[in-house]
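The values are calculated or read from the model by the stated rules, or taken from the named source; none is laboratory data. Just so it is clear, the structure is predicted and the values come from calculations on it, not from any experiment. A quick note on method: Cβ atoms are made from the backbone with ideal geometry, for glycine too, and the neighbour counts reach across all protein chains shown. To get the accessible areas, we keep the full protein, side chains included, count just its heavy atoms, and leave off ligands, DNA and RNA. Shrake-Rupley method; radii C 1.70, N 1.55, O 1.52, S 1.80 Å.
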Amino acid sequence: MTSVRVDYGDTWDLCRCPDCVRPVTLPSGRVLTEDDPAFRSHQFYRFAFAVAAEVARAFPGLRYESGGYLYSAVPPPELTFPRNYAVTFCPYAKICRVPVYDETHNARWRAASEGWGKSGALLNIYEYYGDAIGWPRPGCDNAAKDMAWWLGVGFGNSMYCEMPPD
């Protein structure tokens, strides 16, 4: 075994008990509340890092992996990723008609990409170019621009592209 994945289901269903929605105070003093886009991401990665630390005691040298998807698509503020931690970032609602770095249509995904590039994690991309439209895909030009840009901001571990069954 070379890696272990700590992840969650493809759902927005999250616990809303008082403990799980309690604000989080970061080392800088910044307070993340439930309505902050980084709140659940920080919460998830804090948990995933704790799991990774426990696993590392029994299995040193493993690589750890998680998705940067749905509520964890926002890089968690003020957390330092271990050198052997990989994140597969999925800009799930990105507008594919323009490159990811387009400020008018994809500002949210550009900012998240740049944040992940500074996170210290090993970075993968999970994209939906294959679901976009039938062949030929004019989106291929934007996919090429996206990939080149992502390489420039720190991605480059690998790229996955979801394809329709046909």
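Out of 41, 28, report the one residue that is within 20 Å of residue 120 (Cβ to Cβ) and open to solvent by 40 Å² or more (accessible area, probe 1.4 Å). Going through 41, 28 in turn, the sole match is 28.
Condition check ((1) among the hydrophobic types (A, V, I, L, M, F, W, C); (2) farther than 22 Å from residue 155 by Cβ; (3) touching a helix residue (DSSP H, G or I) at 6+ places or on another chain (Cβ under 9 Å)) across all residues:
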{"residue": "6", "(1), (2), (3)": "yes, no, yes"}
{"residue": "20", "(1), (2), (3)": "yes, yes, yes"}
{"residue": "41", "(1), (2), (3)": "no, no, yes"}
{"residue": "47", "(1), (2), (3)": "yes, yes, no"}
{"residue": "66", "(1), (2), (3)": "no, no, yes"}
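Which residues, counting only those in region 85-104, are farther than 23 Å from residue 32 by Cα and crowded, with 16+ Cβ neighbours inside 10 Å? 85, 86, 88, 94, 96, 98, 99, 100, 101, 102 - these are the residues of region 85-104 that are farther than 23 Å from residue 32 by Cα and crowded, with 16+ Cβ neighbours inside 10 Å. Among the residues of region 15-54, those identified as assigned to a loop (DSSP other than H, G, I, E, B) and under 14 Å from residue 73 (Cα atoms) are 36, 37, 38.
Report yes if residue 110 is at pLDDT 95 or above, open to solvent by less than 50 Å² (accessible area, probe 1.4 Å) and within 30 Å of residue 147 (Cβ to Cβ), otherwise no. The answer is no for residue 110. Once region 52-73 is narrowed to residues that are of a type in the set (Phe, Trp, Tyr) and within 27 Å of residue 12 (Cα to Cα), the residue that is least open to solvent (accessible area, probe 1.4 Å) is 64.
Would it be correct to say that residue 86 is small (Gly, Ala, Ser), part of a strand (DSSP E or B) and under 15 Å from the mean Cα position of the chain (by Cα)? Yes: the conditions hold for residue 86. Scan region 1-14 for residues that are assigned to a loop (DSSP other than H, G, I, E, B) and open to solvent by less than 80 Å² (accessible area, probe 1.4 Å) and the total you get is 6.
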